[in-house]
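Undergrad: Have a look at this one.
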Amino acid sequence: MSMTSGALLGAALLLAIYAISVYNRLVAVKHGVDRAWANIDVLLRQRHDELPKLVTVCQQHQHFEQATLEKVIAARAQVQSARERRDLAALGRAEGDLRGGLGQLFAVSEAYPELRASESFQQLHSRISQLEDGIADRREFYNEAVNIHNVRIEQFPDNLIATRFGFTARSLLAFSVEEKADVDLKALFS
């Protein structure tokens, strides 16, 4: 074997090792996104299971606003459907609707002292609030993992490997503007 063919073989071997290394790092980043999504998904499921209990407790108090409860129930179904389809755009909109409905429910509950004093209501309110905080935290981690993934598959030379092996950009999980807005308490009680 000549020195030229040995050098070419060595260069090809180094290139193959580098390509394998890039591929493995891309796989690790992709799985990081999946792991971050799984963390959100667990919290969404837990909240999904708590909401019917909250609605039931509220329904036990006469004259509680049925429209508010129906809004929460409908939004819960939208979140579940979007979560199952993993449609992040629809999930963001549905989350906005659900959080708005929950904000309204908790604000309206102020007019029902017996409900507010109920131990079941207090526990569910606390649990759902904790889950909401957890979802917000996990969304931040998810979006960071997606950002890292998307940057990696666009950077040269990683993009050569990413394109060849079908790595695609992932969507960020963004909630609607309504979800971020405060509940208008004056409108609720006027």
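Table: residues versus (1) of a type in the set (G, A, S); (2) assigned to a helix (DSSP H, G or I).
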site	(1), (2)
G10	yes, yes
K30	no, yes
V42	no, yes
F64	no, no
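Undergrad: Check off (1) surrounded by fewer than 17 Cβ atoms within 10 Å (Cβ to Cβ); (2) closer than 30 Å to H149 by Cα; (3) at pLDDT 90 or above for D49 and give me the number that stays unchecked.
TA: The number of the failed condition is (2).
Undergrad: Are there any pairs with C-beta distances below 8 angstrom linking a residue in region 139-153 that is over 10 Å from R170 (Cα atoms) to a residue that is in a helix (DSSP H, G or I) and among the charged types (D, E, K, R), with the two at least 6 apart or on different chains, and if so which?
TA: These pairs meet every condition: R152/R25; R152/D158.
Undergrad: Considering only residues that are surrounded by fewer than 12 Cβ atoms within 10 Å (Cβ to Cβ) and within 13 Å of the chain's Cα centre (by Cα), look in region 59-87 and name the one that is nearest to A111 (Cα to Cα).
TA: E84
Undergrad: Here's another thing I want to ask about it. With the structure loaded, tell me whether S21 is under 22 Å from H149 (Cα atoms), assigned to a helix (DSSP H, G or I), out of contact with any helix residue (DSSP H, G or I) (no Cβ under 7 Å at 6 or more places or on another chain) and polar (S, T, N, Q) or whether it fails that test.
TA: yes
Undergrad: Could you tell me which numbered condition A111 fails, if it satisfies all but one of (1) more than 22 Å from the chain's Cα centre (by Cα); (2) more than 29 Å from Y18 (Cα to Cα); (3) small (G, A, S); (4) surrounded by 17 or more Cβ atoms within 10 Å (Cβ to Cβ)?
TA: Of (1) more than 22 Å from the chain's Cα centre (by Cα); (2) more than 29 Å from Y18 (Cα to Cα); (3) small (G, A, S); (4) surrounded by 17 or more Cβ atoms within 10 Å (Cβ to Cβ), only one is false for A111: (4).
Undergrad: Hey, another quick one. For region 168-183, which positions are at pLDDT 50 or above and closer than 12 Å to R139 by Cβ?
TA: Result: L172, L173, A174, F175.
Undergrad: Here is a list of conditions, (1) hydrophobic (A, V, I, L, M, F, W, C); (2) part of a helix (DSSP H, G or I); (3) at pLDDT below 90, and A77 meets all of them except one; can you say which number that is?
TA: With (1) hydrophobic (A, V, I, L, M, F, W, C); (2) part of a helix (DSSP H, G or I); (3) at pLDDT below 90 applied to A77, the lone miss is (3).
Undergrad: For F64, state whether it is touching a residue at least 24 places away in the same chain (Cβ under 8 Å) and either under 30 Å from W37 (Cα atoms) or touching a strand residue (DSSP E or B) at 6+ places or on another chain (Cβ under 6 Å) (or both).
TA: Details: touching a residue at least 24 places away in the same chain (Cβ under 8 Å): yes; either under 30 Å from W37 (Cα atoms) or touching a strand residue (DSSP E or B) at 6+ places or on another chain (Cβ under 6 Å) (or both): no.
Against the criterion (touching a residue at least 24 places away in the same chain (Cβ under 8 Å) and either under 30 Å from W37 (Cα atoms) or touching a strand residue (DSSP E or B) at 6+ places or on another chain (Cβ under 6 Å) (or both)), F64 does not qualify.
The values are calculated or read from the model by the stated rules, or taken from the named source; none is laboratory data. Computed from a prediction, not measured in an experiment: that's the story for all the values here. Glycine also receives a Cβ, built like all others from the backbone with ideal geometry; neighbour counts cover every protein chain displayed.
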